[in-house]
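First up is the structure itself, then whatever we jot down about it.
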Amino acid sequence: RNTPDLETLDKRYLFHPFTALADHERNGPMIIVKGEGVWLEDNHGKRYIDGMAGLWCVNVGYGRKEIADAIQHQAVTLPYFHSFSSWTTDTPILLAERLIEMAPVPMSKVFFGQSGSDANDTQVKLVWYYNNARGKPLKKKIIARNRGYHGVTVVAGSLTGMPSLHSGFDLPLSFVRHTTAPYRLWEAEPGMSDEAFTAKLAKDLEDLILAEGPDTVGAVIMEPVMGAGGVIVPPKGYYKAIRAVLDRHDVLLIADEVISGFGRLGTMFGATAMEMQPDLITVAKGITSAYVPLSGCMVSEKVWRGIVDGQATLGAFGHGYTYSAHPLAAAAALANLDIIEKDGLVAQAADRGAFMHRQLQEAFADHPLVGEIRGMGLVGAVEFVAKKQPATRFEPSLKIAARIVKAALARGLITRALPHADTISFSPPFVISEDEIAQMVSRAREAVDAVMDELVR
Ligand code: PLP
């Protein structure tokens, strides 16, 4: 029979996540077939700079033979065995030891899953179990932030503070609340100092906890720097103020380090860069540089003790996935961490990040429609506004960011339009060179100019 081409097969069979079906039907898929360093190639041979490291995750870049070799070796030696009851395999033990040793604040144990979403679901169960074990079963509510992104499973999707991800599914679940994001452009009064803005944000959180009743609130979940919600860097002193509120009300803090973990902000963990003191830490993405799926929940000794003590009354922590502590994923993670450490990629992310931010400032600071340039380490974003003073959003129907992303694609650059904000983001692999950063930013600037020309026409 005639073999239909990949585009035809894709449209016929593949259900794409997060995809507007009418657009997909009209434009067809973009099929990537090869990657090397920061470069990707599609099925027509067109090359792109991957300014997003996939989805903020291919931190060591494409084509790392060391990880491929580790995966191959593990697949041949032992592709899989589970970790239920007391069973396990060797590589997850070694990875757990390594993670606990490198944790940004003292941590005690690691529970492995396969995605950021399922790990955040696990975190919620850990918090519930911990509070049940302490005889505080009512402490069930979990507070996240507007615009926070924590995944899409039913619980993690509820934590995610994006209404468009709730509306089709009757979410968020009843125990989830959202508080104000540290989003200076839209949440701070003009001219507000960092101290005053921090105090407002801490008060918003405390008011919410008090309104709900502190005995009903178990945990708050926060990304050290918010990623998909807009690359939002909180003001200095923010997490110290948040921690003080949480301590007053016996509420745990979950750091969602799915993007920030393993070097993205120029420190091994975002909690270090942002002076955050979490009780639980979620990791995924960069733990394997996405070569295979893996996530983890790190828990502090305090939480771990609660879980141990709970066994007497609650029984075993009744939770775990077929693929929890997958040996092949752990082998990939160990090889990935070796690369990060041996090649000094965390310091490199800090260094290249500083270069990227200088380039973004040079390219965009004077632009009449740029409202804010944000970021830290090797993650950055540019937000566009219809008017700077007072800051005024574009009509959403203009889809500014999506148009820029499309124009960038035509120029061989992959960037990302962030939801509910006229914002494009950059989060390239740590191996990007200064020359590649310069190309990335100049292609982005050309794309912006092309779209702005269309607007005035
Ligand atoms: N948490 C954060 C901060 C994320 O950025 C993401 C994904 O982008 C997730 C959780 C969800 O991870 P996954 O897509 O692996 O379920």
How far apart, in nm, are two points set 7 Å out from the Cα along the Cα-to-Cβ line at residue 10 and at residue 433?
2.9 nm
For the pair residue 46/residue 457, report the inter-label distance in nm, with labels modelled 7 Å from Cα in the Cβ direction.
1.8 nm
For residue 136 and residue 387, calculate 0.36 nm times their separation in residues minus their Cα-Cα distance, and state this gained length in nm to one decimal.
85.4 nm
Scaled by the rule-of-thumb 2.2 N^0.38 Å, the alpha carbon Rg for the chain gives a ratio of 0.98
Report the antiparallel proportion of the DSSP beta bridges in region 122-237 as a percent, rounded to a multiple of 5.
10 percent
Simple spin-label model, 7 Å along Cα-to-Cβ: residue 351 to residue 301 in nm?
3.7 nm
By average C-beta atoms within 10 angstrom, highest first, the peptides 46-57, 203-214
46-57, 203-214
Bridge orientation stat for the chain from DSSP, antiparallel percent rounded to 5, came to 65 percent
Per residue Cα convex hull volume in Å³ - calculated over region 359-449
90 Å³
Suppose every K and R has +1 on its Cβ and every D and E has -1 on its Cβ; what is the size of the dipole of the chain about the Cα centre, in Debye to the nearest 20?
640 debye
Compute the label zone of residue 244 within region 275-293: residues whose backbone N is under 14 Å from the point 7 Å along Cα-to-Cβ.
none
In what sequence, highest mean first, do 173-184, 220-231 appear when ranked by Cβ atoms within 10 angstrom?
220-231, 173-184
Gained length - residue 32 relative to residue 146, 0.36 nm times residue gap less alpha-carbon distance:
37.8 nm
Env charge @ residue 352, Cβ radius under 10 Å, K,R +1 / D,E -1, value -3
Give me the lysines in straight-line cross-link reach of residue 387: C-alpha distance below 18 Å, same-chain residues under 8 apart excluded.
399
How big, on average over all directions, is the shadow cast by the Cα convex hull of region 35-157, in nm²?
11.7 nm²
Need one number: convex hull volume per residue for region 119-266, Cα atoms only, in Å³.
113 Å³
Once amide H atoms are built 1.01 Å from N in the peptide plane, which residues 5 or more positions from residue 221, or in another chain, come under 5 Å H to H?
143, 144, 254
In nanometres, the difference between 0.36 nm per residue of separation and the alpha-carbon distance of residue 358 and residue 82 is 94.6 nm
With the cut-off at 32 Å, tell me which of the pairs 140/240; 141/285; 34/342; 46/388; 342/406; 34/236 have Cα atoms farther apart than that.
46/388; 342/406; 34/236
Show which lysines lie in cross-link reach of residue 109 when reach means a straight Cα distance below 18 angstrom and same-chain residues fewer than eight apart are skipped.
125, 302
Given R₀ = 25 Å, FRET efficiency for residue 193-residue 272 by Cβ-Cβ distance, to 0.05?
0.55
Which of the peptides 25-31, 260-266, 242-248 is most tightly packed, and how do the rest follow, judged by the mean count of other Cβ atoms within 10 Å per residue?
260-266, 242-248, 25-31
With the Cα gyration tensor of region 323-374 in hand, convert its eigenvalues to equivalent ellipsoid semi-axes via √(5λ) and list them largest first in whole Å.
37, 15, 5
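A short reminder: the numbers here are calculations on the coordinates, not readings from a lab. Quantities reported herein were computed from a predicted structural model and do not represent experimental measurements. With ideal geometry, Cβ positions are generated from the backbone for all residues, glycine too; neighbour counts draw on all protein chains shown.
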